[in-house]
Amino acid sequence: MRVALGTNVLISALVVGGSSREVLDKAIRGELTLRLSDQILSEVCNALQGPKFGFPAAIAVRIYSELSAISEVVVPCEEIHEIRVDPAQTAVFWNARSRPERATSCRETVIS
């Protein structure tokens, strides 16, 4: 089974736990295939370094690398211009219709 997760679900899995962590654990064990784009991976990395969570950059980059290693990293093959339910979730829907491509590193973004 392939699963595309959004930034908020991944942050919840990493920080809070619960059912989102159970899905991540299944991906770690190889029971399902996690599909993530570089955009989602970068959002997670940047959010973890932000003021709300305050992770050191080295830890956020390590999480990026680990998530990339256990995932099928994809590149959206088509752009979806409008998601009627929640426009912020557009990237997650892109992942569902994407082709695999390996990501290599966390994009460095200065968070002010």
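The values are calculated or read from the model by the stated rules, or taken from the named source; none is laboratory data. Because the structure is a prediction, the values reported are computed rather than measured. We place every Cβ from the backbone using ideal geometry, glycine too, and count neighbours over all the protein chains shown.
Of these, 14, 34, 48, which one is in contact (Cβ under 8 Å) with a residue 24 or more places away in the chain, in a strand (DSSP E or B) and at negative phi?
Numbers: 14 fails: in a strand (DSSP E or B); 48 fails: in a strand (DSSP E or B).
None of the other options fit; the residue is 34.
Would you call residue 61 touching a Phe, Trp or Tyr at 6+ places or on another chain (Cβ under 8 Å) and part of a helix (DSSP H, G or I)? Spell out the reasoning first.
Numbers: touching a Phe, Trp or Tyr at 6+ places or on another chain (Cβ under 8 Å): no; part of a helix (DSSP H, G or I): yes.
Considered against the rule, which asks whether it is touching a Phe, Trp or Tyr at 6+ places or on another chain (Cβ under 8 Å) and part of a helix (DSSP H, G or I), residue 61 comes out as no.
Which of the following residues is of a type in the set (Lys, Arg), surrounded by fewer than 19 Cβ atoms within 10 Å (Cβ to Cβ) and modelled with pLDDT of 90 or more: 62, 35? Give the steps one after another, and end with the answer.
Values: 35 fails: surrounded by fewer than 19 Cβ atoms within 10 Å (Cβ to Cβ).
On inspection, the qualifying residue turns out to be 62.
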